[in-house]
1. Around T86, which amide H atoms from residues at least 5 apart in sequence, or from another chain, sit under 5 Å from its own amide H, with H modelled in the peptide plane?
2. Taking the highest mean first, how do the peptides 139-145, 47-53 order by number of other beta carbon atoms within 10 angstrom per residue?
3. Sort 61-67, 99-105 by the packing proxy (mean of other Cβ within 10 Å over each peptide's residues), most packed first.
4. Within straight cross-link reach of K55, meaning Cα distance under 22 Å, which lysines are found once same-chain residues fewer than 8 apart are removed?
5. Starting from the alpha-carbon convex hull of the stretch 24-126, give the projected area averaged over all orientations, in nm².
6. Please order R152, R186 by the number of other Cβ within 10 Å, starting at the fewest.
7. Give, as a single signed number, the net charge of other residues whose beta carbon lies under 11 Å from the beta carbon of T29, with Lys and Arg counted +1 and Asp and Glu -1.
8. Amide H of H146: which non-local residues (sequence gap of 5 or more, or other chain) have their own amide H closer than 5 Å, using H built in the peptide plane?
Amino acid sequence: MKTTLKKIAFYTLAILLGGCVPSLHPLFTDEEIIFDANLVGVWSEPNSKNFWEFKQADNKKYDVIYTDEKGIGKFDGRLGKIGGDTFIDFYPQDINLPGSDFYKFHLLGIHTFAKVGLSKDSLKLSVMNPDNVEKLLKTDPNATKHEKVDDRIVLISSTKELQTFIKKYGKDNDLFKEENDNQLQRVKQQDANSVK
């Protein structure tokens, strides 16, 4: 049980500290999500042992499996458009933790977002830059609803308010700054089989 709790703590910290800005609410409603078959497949940075696998799920959603040397994380992925840009919303799938229902009740999943650049064999995932979000919110605290939790910004705006925020500030204030990009290449089928 300690090992499982350590893994959960690690993945939670990795998301919060790894250049993502968490949100309590999704970026898209069920009616707004889209499906792009070109996203389906296995993706990786060149010479990396980290892999992103996108599988088609029900209702235009994706099952997303992220694998690195520490383990596997499974997410629901929801693709959509804001303005002319494409974004994906990641939300953790059931973690199946050991422990009582009372304990599990206290765990709260969060959404994280990435701007998507997709072509046939390349995928760019740009996550929100927490430093730039914090600077923006210091300048304009009413730009979007948020709270500060343990020195981290957590977005608490509704789905529509999040879309308005990203549409208004997403391009001009480097919310999705390139230093946080994942530049991925489609993995050939024989290489993808070695991931599984």
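Where a number appears in this text, it was derived from the coordinates with a stated rule and is not lab data. Being a predicted model, the structure only gives us computed values, none of them experimental. For neighbour counting, all protein chains shown are included, and Cβ atoms are generated from backbone atoms with ideal geometry for every residue, glycine included.
1. Residues meeting the criterion, in which the H sits 1.01 Å from N, are V116.
2. In decreasing order of mean packing, 139-145, 47-53 become 47-53, 139-145.
3. In decreasing order of mean packing, 61-67, 99-105 become 61-67, 99-105.
4. The qualifying lysines are K70, K74, K81, K115, K120, K124, K188, K196.
5. For the Cα atoms of the stretch 24-126, the hull's average projected area reads 7.7 nm².
6. R152, R186
7. Summing Lys and Arg as +1 and Asp and Glu as -1 gives -2.
8. Close amide H contacts, sequence-distant or interchain: I156.
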